[in-house]
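As structure tokens, the structure follows; a few thoughts come after it.
No value in this document is a laboratory result; all are computed from the given coordinates. Values in this document were obtained by computation on a predicted structure and should not be read as measured data. Positions of Cβ are backbone-derived with ideal geometry, glycine not excepted, and every protein chain shown enters the neighbour counts.
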Amino acid sequence: MQSYISVNCGFPVDIKDGWREGHMFEYKNQVKYNCKQGYKLHGDIILTCEADGIWEGLVPECIPVECPHLSLPRYGTIIGSGNAYGTVLSFECMKGFKHKGSVERRCQENGQWSGDDVTCTEVSCGWPKPFYNGYLLGQKTSVGSVIFYSCDIRTNFEGSSLKTTCLENGTWSHPPPLCLGQCLIPSIPDATLNGQPDKREGVWARHGTVLNYQCKQGLVPDDNRPVRCDNGTWTSQPKCTPAACKGPPPHIDNGLRIFEGLKHNNRAKYICRNGYQLLGITDHSPYLICLYGSWSGGTPKCKEFYCPNPAVAAPLKNGNIYKRVNNGKFQFQKYITTIRHGTRLLFICDPGFIRKGPSGATCVNGTWSPSIDNPGTKCVEQNHPEFPKLWIAEEEKNREIP
């Protein structure tokens, strides 16, 4: 009977910075080597126990992982050194430059650097924003560069600084100013300017200037809002216009007024009651006119009409003149002077006389209607009419009739 002898290759070699897998060391058994993190295996990963009791393969070693050397970025520096696993390098750009890429990079287990390559590019603030009525003085926009602001002629500078500097963060230290246009003081007909001597016609006024002017008597500013210079333009055109009347036209007794409004050239018409006459208006029209802030044309009033006393003006010979009233009549006397509109007369002749003409008259706006003058009413003597003979005389009875 044949006997077998067990082959044992012995305890395999341990490696630095790594470990071994496998605990059986007889013929055909295998062991596997691994490296700890940050190291990579150099040599055979697996060893096999052969029949001659020797491990087949080269015992490996664990060598540190290394990343490629990083180049120094132009206009920048590297903080730190080395390229082994776990090494951390930082990057900084020179003043006036900004980085693009990863500021910090780490050597990884796979032998590659984390992040992206770093480049340093020059910081530029770009040209300041354009502004109206002005211009820039300067040629560069890099960090530390200075640009000067300047305004056109006939404008005023309003801003925090006459210059601006490009900062490291890519912004300008001061914003562009406002160059606000001046306004030419105009000629204002029928007005005088108030204020400082420099505020006169033909002088340029600064932005924000308020134009104070006073219109001649009877005129007022066309717009009550302040006239202000706003960046080269007046907010409104100064102008004097005729003033409106401050109140309605004067009241009138025994009449009424009708008016269009209180504006310049508006008219007010006056109408008197029947029996009253409109007086006091200069042009003999029924109107007052609003002219330059006041009612012009006189002081209207309604004066009552009185008819002449008929007993004095045209006495009725051989008769009497009476005034009609609701409950009868009474005789007019010469001393009566107040004979108002609407008074009615009655003409009555004495006995033996008859009336020739109208039986009466009415006082209408100061005159009698119909007129009591020529031809007027007269009382003429009454003559009896001739009657035809109603009898025949005796001597005529015996007359033969042919």
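Along the stretch 207-215, what does the Karplus equation 6.51 cos²θ - 1.76 cosθ + 1.60 (θ = phi - 60°) give for ³J(HN,Hα), rounded to whole Hz, x for Gly and Pro?
4, x, 5, 9, 8, 9, 9, 10, 7
So how many Å³ per residue does the convex hull of the Cα atoms of the stretch 1-159 work out to?
127
Let's test the formula: R0 of 60 Å, r as the Cβ-Cβ distance of Val146 and Ala84. What FRET efficiency results, to the nearest 0.05?
Working: r = 47 Å, r/R0 = 0.79.
The calculated FRET efficiency here is 0.80.
Let me spell out the model: positive unit charges on the Cβ of Lys and Arg, negative unit charges on the Cβ of Asp and Glu, origin at the Cα centre of the chain. What dipole size does that give, in debye rounded to 20?
It comes to approximately 3860 debye.
What spacing in nm lies between the two simple spin-label points modelled at Gln217 and Glu104, each 7 Å away from Cα in the Cβ direction?
In this crude spin-label approximation the distance works out to 8.9 nm.
Could you name the lysines in cross-link range of Lys16, using Cα to Cα under 26 Å and dropping any fewer than eight places away on the same chain?
Lys28, Lys32, Lys36, Lys40
Where does the Debye-calculated log10 I(q)/I(0) of the stretch 202-295 sit at q = 0.13 Å⁻¹, using only Cα point scatterers of equal weight, no solvent?
With one equal scatterer per Cα and no solvent, log10 I(q)/I(0) is -0.59.
With an 8 Å Cα cut-off and a minimum separation of 6 or more residues, compute the relative contact order for the chain in percent.
6
P(r) tail for the stretch 76-122, what percent of Cα pairs lie past 15 Å?
Tail of P(r) above 15 Å: 42 percent of Cα pairs.
For Val325 and Glu92, calculate 0.36 nm times their separation in residues minus their Cα-Cα distance, and state this gained length in nm to one decimal.
Using 0.36 nm per residue and subtracting the Cα-Cα distance, I get 71.4 nm.
How many angstrom lie between the Cα centre of the stretch 149-201 and the Cα centre of the stretch 1-63?
91
From the phi angles alone, apply the Karplus equation (6.51, -1.76, 1.60; θ = phi - 60°) to the stretch 237-242 and give each ³J(HN,Hα) in whole Hz, x where the residue is Gly or Pro.
8, x, 7, 9, 10, x
How fast does the stretch 14-80 diffuse by Stokes-Einstein, in µm²/s, taking the Kirkwood radius from C-alpha pairs at 20 °C and 1.002 mPa s?
Numbers: Rh = 14.4 Å.
For the chosen part, D equals 149 µm²/s.
Give me the log10 of I(q) over I(0) for the chain at q = 0.09, 0.10 Å⁻¹, as the Debye formula computes it from C-alpha points; what are the numbers?
-0.92, -0.99
What value in Å³ per residue do you get for the convex hull of the alpha-carbon atoms in the stretch 110-174?
87
Give me log10 I(q)/I(0) at q = 0.12, 0.13, 0.20 Å⁻¹ for the stretch 310-381, Debye formula, one equal scatterer per alpha-carbon, no solvent.
-0.28, -0.33, -0.80
For the stretch 255-304, what is the convex hull (Cα atoms) projected area averaged across all directions, in square nanometres?
Here the figure is 3.1 nm², rounded to one decimal.
Order by neighbour count: Phe25, Phe148, fewest other Cβ atoms within 10 Å first, most last.
Phe148, Phe25
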